[in-house]
Amino acid sequence: MPRAPRYTARTADKHVLYEAAVQEPDAEFDFLDKIFRDRRGRLPVSIREDFGGTAYNSCVWVKRRPGNTAVAVDLHRPTLLTASKRHTGTLTAEQRSRVQLVPANVLSPALIRRPKVDAVLALNFSYWIFHQRATLVEYFAKARAALAPGGTLILDFFGGTDVHRECQDRRRCSGFTYIWDQARYDPMTGRYTCHIHFEFRDGTALRKAFTYHWRLWTLPELQDVLRDAGFTDIGLYAEGNRPDGSGDGRYRLRKGHPCDRTFLAYITAWR
Ligand SMILES: C[S@@+](CC[C@H](N)C(=O)[O-])C[C@H]1O[C@@H](n2cnc3c(N)ncnc32)[C@H](O)[C@@H]1O
């Protein structure tokens, strides 16, 4: 008898698919550990995961080392408090005591009154939700105020000549196809509307499982905004390429970059 497909549109959990397709907490934390060890001679302990979604990263972080603590912040309560149970449910009681789920806007002043952290992470380009420069300055300044001395804000970034194109990129994942849809880019406003679709082997699909209304920022702009927010020590780490042009997963500190079709980078801003 043919095996039933693992996923179908009627039953698939879009968060499970999203995490399988785009999140790699161990790789993110290998990067964080490396830069922190290189810079500070020790490993980071406390993180705040902004735009935390299902708190996947935070749960991986507290499992990574005894003593690690994480605060996951997201303004969508059902995602943060309910969808996260898939991850919090895998923690021991002791690990669970080291994660806090905070349903809040990352701009909330209440976040600054919490204990300071070694790193604030804003991943998967989520900070592009802020379209106005003044609001992005406010967010970065508040993230800076949440850092312990010697701590770092980590942002990820994608750029290259292809990011401005209205196009789709399809990628086979285990049991489904992930489609990144750059649906609309307005070069006058920088407004950038993207969707994630999932297609399944049985011919069903989840169209527009996620939609983002972002502003497409550039690296020079982001560095200016970070400086306006009070950061003076900013680093850009670009991913290296394999001979076939795909990313090699290794990020190196760079002052400039070739005009590739696409590239990924991390921005670090130290307090
Ligand atoms: C792209 S998902 C990020 C999910 C996951 N943390 C990751 O790294 O892939 C963006 C998340 O940001 C949240 N969000 C959007 N604006 C926010 C804000 N101002 N404050 C807090 N969370 C926000 C949304 O609810 C959504 O869960």
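Among the numbered conditions (1) in a loop (DSSP other than H, G, I, E, B); (2) more than 13 Å from the chain's Cα centre (by Cα); (3) small (Gly, Ala, Ser), tell me where Ala20 comes up short.
(1)
Pairs, please: C-beta under 8 Å, at least 6 apart or cross-chain, first residue without any contact (Cβ under 8 Å) to a residue 24 or more places away in the chain and in region 32-59, second outside any loop (DSSP other than H, G, I, E, B)?
That search, which allows pairs on different chains as well, returns Arg42/Phe36; Leu43/Asp33; Leu43/Phe36; Leu43/Arg37.
So which residues in region 77-103 are in a loop (DSSP other than H, G, I, E, B) and open to solvent by 50 Å² or more (accessible area, probe 1.4 Å), if there are any at all?
Gly89, Thr90, Thr92, Ser97 - these are the residues of region 77-103 that are in a loop (DSSP other than H, G, I, E, B) and open to solvent by 50 Å² or more (accessible area, probe 1.4 Å).
For the subset of region 54-76 comprising residues that are within 16 Å of the ligand (Cβ to nearest atom) and among the β-branched types (Val, Ile, Thr), which member is surrounded by the fewest Cβ atoms within 10 Å (Cβ to Cβ)?
Ranking the qualifying residues of region 54-76, first place goes to Val60.
Return the residue satisfying two criteria in turn: it lies in region 25-49 and is surrounded by fewer than 16 Cβ atoms within 10 Å (Cβ to Cβ) and within 16 Å of the ligand (Cβ to nearest atom), and of such residues it is farthest from His197 (Cα to Cα).
Asp30
I need a count of the residues in region 109-133 that are aliphatic (A, V, I, L, M) and either more than 23 Å from Arg39 (Cβ to Cβ) or surrounded by fewer than 19 Cβ atoms within 10 Å (Cβ to Cβ) (or both).
Of the residues in that region, 4 qualify.
The values are calculated or read from the model by the stated rules, or taken from the named source; none is laboratory data. Just so it is clear, the structure is predicted and the values come from calculations on it, not from any experiment. We place every Cβ from the backbone using ideal geometry, glycine too, and count neighbours over all the protein chains shown. These area figures cover heavy atoms from the full protein model, side chains too; ligands, DNA and RNA do not enter into them. Shrake-Rupley method; radii C 1.70, N 1.55, O 1.52, S 1.80 Å.
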